[in-house]
Each structure stands twice: as structure tokens, then as C-alpha cells.
1. Is there any pair with a first residue in region 435-462 that is farther than 15 Å from Ala511 by Cα and basic (Lys, Arg) and a second that is open to solvent by 40 Å² or more (accessible area, probe 1.4 Å) and more than 9 Å from the ligand (Cβ to nearest atom) whose Cβ atoms are under 7 Å apart and which are 6 or more apart or on different chains, and what are they?
2. Might you check whether a residue that is outside any strand (DSSP E or B), open to solvent by 10 Å² or more (accessible area, probe 1.4 Å) and β-branched (Val, Ile, Thr) occurs anywhere in region 62-76?
3. Could you check Asp430 against (1) open to solvent by 30 Å² or more (accessible area, probe 1.4 Å); (2) in the same structural domain as Ile8 (by TED's automatic domain parsing); (3) modelled with pLDDT under 95 and say which number it fails?
4. Restricting to region 448-473, and then to whatever is open to solvent by less than 40 Å² (accessible area, probe 1.4 Å) and away from the ligand (no atom under 16 Å from the Cβ), can you tell me which residue is nearest to Val502 (Cα to Cα)?
5. Which one of these is surrounded by 19 or more Cβ atoms within 10 Å (Cβ to Cβ) and at pLDDT below 95: Leu131, Leu119?
6. Checking the condition under 21 Å from the mean Cα position of the chain (by Cα) and away from the ligand (no atom under 16 Å from the Cβ), which residue from Pro373, Pro312, Pro325 passes?
7. Pick from Asp381, Asp299: which is within 20 Å of Leu242 (Cα to Cα), among the acidic types (Asp, Glu) and away from the ligand (no atom under 14 Å from the Cβ)?
8. Being out of contact with any Gly (no Cβ under 9 Å at 6 or more places or on another chain) and outside any helix (DSSP H, G or I) is the filter; apply it to region 89-116 and report the residue that is surrounded by the fewest Cβ atoms within 10 Å (Cβ to Cβ).
Amino acid sequence: MEFDAVLIAPRRAQMVAQGLWHDRTINDDLDACVAACPDKTALTALRVEEGGTIRFTYREMTRMADRIAVGLARLGVGRNDVVACQLPNWWQFTLTYLACSRIGAVINPLMHIFRERELSFMLKHGEAKVLIVPQAFRGFDFEQMVAGLRGDLPALEHVVVVGGSGGNSFDALLSGPAWEDSADAQAILARSRPGPDDVTQLIYTSGTTGEPKGVMHTANTTMANIIPYAQRLRLGADDVVLMASPMAHQTGFMYGLMMPIMLKASVVLQDIWEPGRALELIRSERVSFTMASTPFLTDLTRAVAERRLEVPTLRTFLCAGAPIPGPLVEQARAVLGTKIVSAWGMSENGAVTLIELDDEDERAFNTDGHPLPGVEIKVADDAGQAMPAGEPGRLLVRACSNFGGYLRRPHLNGTDADDWFDTGDLARVDAEGYIRITGRSKDVIIRGGENIPVVEIESLLYRHPAIAMAAIVAYPDERLGERACAVVVARPGHSVDLPSIVDFLKREKVAVQYIPERLIVRDTMPSTPSGKIQKFKLRELLRTTTA
Ligand code: ADP
């Protein structure tokens, strides 16, 4: 497979000269771990439904990575071949990535929620040669689903199944036989280690606005983010990271899979989000850092409050990936006693704005941080001119961690000749350079020519005593073009109606034009496993529901 990562070569000389690209790969870091701390626990993985826990030291992890790498090579996988991995946060996910990195193969992480429609598009577009799936997860039979797809996927040569004992199992084909001891293993492993500018990860955007796009990253682009990220958060070898956000998303992948190895630290993987289990893990494994979106933070806060158990080891909770309502962060800070760091980022460049650990808590309540070293931001109007401080506009970034491009879609790369990448998000920046995301260009609501500040109104709704979750979406209107509808989930034992919301927002002194004119109350909010509310589903719902 040819990777057209056209955004890499033109930036290389400057990035290296500025010390922003480190010309290392995860292989170098894994080797360094084995040399420095072979017997340290590298990875602990909890299977919530089955109840089992498995641990790997760095020595065991490296041996297993080599074994799986040779196993993949025996299946015909080599340099630039795509290995699609549709696994929950299981140890096989981490080890598959490390194995791919040993032989120059490219991992394509796929969310376990993907079904035929998403999979057939991504596997075909990415020309995956091997697909790794669970035999079953949460009652769903993946093997059967894939069997129905194979006829349409000429590039797919092997489907490897985690679980079971068949001839196509992960154990039989990859992790079981001691391949690494065979005579040709060292030659295989030495032959095709990737360089720091080779594509190592192909990760698809969710495709809420059209076809999913295949984001290509190299070791240099990912590590250029992880190194300054860990420095700002003062993370090091003594840290224990909890990752319950899916590793098939960039959050889990960069900070739950790659970062712990780069720091010689330890990671604890949780495959199904259950706040009570997370709380137990934080306490038993002495977790010091985690990263997830706001719903995880809210759930954990509730679990701590209900069980009256403390989390004294948890120094920092980094919250990003979706709008971060200030009131929820404030409450979490008070209950957990943990420093809450707000951040913003995306698959294309990692988490690139974060507050500082020494910042006042208000920064986390009201901003999404300021750029890491090696990242510049610009809030611009439609013509690309910078907006004055405080004025919302399109958020552009120029980041050392910017991706290599979208696979076979270079015309969509969204990066201009000066390397400014248009993120598709809207933001304002304050005088100190801290940003606040105010919406996504595609989620914008324009009511009679007036842009509704969606995220701010949502944040206010979270202060309403009867509201547990809130989202504001547009619905078409003949006269004004669009109007705003509030979709909310009420707190248990509370009810909520439109007049009470209107009164509430008026008391908060919100401009009348910004106040939602419809209300839908739901039991749950459609959201991704990483905790993002799926506004496109809400818009669909609005189209099919009359007021
Ligand atoms: P997608 O959701 O488009 O597949 P990602 O998973 O990469 O892509 O998510 C990136 C998007 O998540 C950002 O473009 C932004 O819209 C949203 N996001 C991330 N962090 C924040 C934040 N702190 N506040 C608001 N939105 C955020």
C-alpha cells in the first residue's frame, strides 16, 4: 500500500531543526524500557464482564511484541501493510500496535461499535490485509459480521479472532507459538523496522459530515505531541495511567497506549466504562493520571460522592474531546480533589491546547487551555484574517503534531501553504492566549443572521437544577433559516419544561434570540463510547419529530 502522506516531507527540515521532531519510534522507547526496567509492570488490563486481570512487565511485553510481529510476518504482513484492529481496550490491542511497529506495518484502529456500513468502507479504503476482531464483545458476534463482509474486501487476507480456540484465533496465529525463538525471527525483526517519518497509524474520522477520512500519522507527528503534553502535565516514570477511553480513538491511542511506554510508566486498561470499577481500579492500582471526556468525569465524581471513597493518588484528570461544561468541572474538582485539566484536540493533531497545572481552577472551568510548545493557533474570519481577542472565529492550528494527510484524499487535507490547518471548530482566544471552543462550524446555528453561542448556552443549561445533560441543535425555520432546540436529559426525580428553561436563561441574562425555542426531553443522549454527544442523530430526530 502506498501512503500519500504529503504533509510530512515539506515540514521535516524545519521540524528537526527546531527540535520538535525527535526522530525516534516507539521501538526505540520500548527497547529503552527493557534496558532500564525489564521487571516493572508495564500494562495491567481488566476485562470488566469476564472479571479477569492480566499483567505484563516490560520484558514480557517486548517478548510478546516480537512474537506477534513474527506471527504477522508469517501471515505475509510486512512494511506498509495495514493491520486493522477492531478491539476494545484489551492487551491484544497494545501488543498488536507494538508488533506492527516492529515490522513497519501500519495499524488501523477501529471502534468496536462499528458495524457493516463503517467497516466495509474503512477496510476497503484502507486496503487492510489483516483484520483482528473479538470473537464476541458485549453479546455481539464479530466473526459472523465479518464473514458477511469478506466477499467485498479483496485486499483482506486474514481475519484473526481474539477469543475461542479455532485455527484463526489470535492465540493460534499470533500470540501462542514462540515464534520469536525460531531461527529466522531475528532476521524478520531486523529487516523492516520503520523510520520516524513512515506512516504507522491510519485512524478514521467519525464521518459525521460525509465519508470518513483516513488520518495518517508517523512516529514524529505523534511523539511531537506526546512529549510536550507529558512535560506540561509533569508526568513521568512513577505515574500510573488509567485508560478507559477507547484506544481506537486518538485519546486512548496516544495517551493510553504510546505515552506510558515513552515515559517508562505503567498503564491500566479498562474495557467497559463502569465508574464503580474505575474507582476501584484507581484505588487498587494507585492511578495518578487519566484522560477522558466530560461524561467520564461526571460519572466518576458521582461514584466517589455516592460511595464516599476518596481517590488520593489521582493527581490529574485531563478532560477533552467534547465540550467541557464549566459547572461539571467545578463540581468534580470539589468532590475528587483532583486537578482537572481542560484541553482541546483532535485525531489530526492530538491534544494541542491544555491549561497549566499551576493555573487557577477557573481556567479549567472557562477555557480549553493554551497551545503546547510547537503549536500556534489563530482565530480567523472567513477570509483568514485574525480576529481581535475575545471574538469568535474559525480555529486554525499550525502544529508540529499535525498529521501527514488524509489517505487518498489530499484535496481535503485542510492545510494551506503556510501549514495552517483549518480544524472545523469555532473558538475565541483571550488576551493571554487561552482558547474556548464555541462550537463546530457544522454545528453552528444561525438564527436570522445571528450566530447562537451554542457551547455557552449548553454550559448555562448544565447549571439548571433539573438538567443532567444538555445539547443545543438547529432546526429549520422558514422565516429565520434556523432556530435552536434544546435536547435535555432530566436529573432523576426532576422534570423540565420549556417555560422553566426560558425563565432560567432570562435570569442568566441571555439574549432572547439565543434562547432555545423548542425542547425535547429524553431518557438518554445518543453518544459515542468516548462520550461525545452525537448531534447529527439529534438533528435527525428533530427532522422526524414535530414540535
Ligand atoms: P471527530 O469527533 O470529528 O471524529 P475527533 O474524535 O478527532 O474527531 O474529535 C475532535 C473534535 O472533538 C474537535 O474537532 C472538537 O469539535 C471536539 N472537541 C475536542 N475537545 C473539545 C473541547 N475541549 N471542547 C469542545 N469540543 C472539543
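The values are calculated or read from the model by the stated rules, or taken from the named source; none is laboratory data. Quantities reported herein were computed from a predicted structural model and do not represent experimental measurements. When we count neighbours, we look across all protein chains shown, and the Cβ atoms used for this are built from the backbone with ideal geometry, even at glycine. Heads up: the accessible areas ignore ligands, DNA and RNA and are worked out on the full protein's heavy atoms, side chains in. Shrake-Rupley method; radii C 1.70, N 1.55, O 1.52, S 1.80 Å.
1. Pairs that qualify, where the first residue is farther than 15 Å from Ala511 by Cα and basic (Lys, Arg) and the partner is open to solvent by 40 Å² or more (accessible area, probe 1.4 Å) and more than 9 Å from the ligand (Cβ to nearest atom), are Arg436/Asn366; Arg436/Arg428.
2. Yes: region 62-76 contains one or more residues that are outside any strand (DSSP E or B), open to solvent by 10 Å² or more (accessible area, probe 1.4 Å) and β-branched (Val, Ile, Thr).
3. With (1) open to solvent by 30 Å² or more (accessible area, probe 1.4 Å); (2) in the same structural domain as Ile8 (by TED's automatic domain parsing); (3) modelled with pLDDT under 95 applied to Asp430, the lone miss is (3).
4. Checking each candidate, the answer is His464.
5. After ruling out the rest, the residue left standing is Leu119.
6. Values: Pro312 fails: under 21 Å from the mean Cα position of the chain (by Cα); Pro325 fails: away from the ligand (no atom under 16 Å from the Cβ).
Of the residues listed, the single one that is under 21 Å from the mean Cα position of the chain (by Cα) and away from the ligand (no atom under 16 Å from the Cβ) is Pro373.
7. Being within 20 Å of Leu242 (Cα to Cα), among the acidic types (Asp, Glu) and away from the ligand (no atom under 14 Å from the Cβ) holds for just one of Asp381, Asp299, which is Asp299.
8. Per the criteria, the residue is Arg115.
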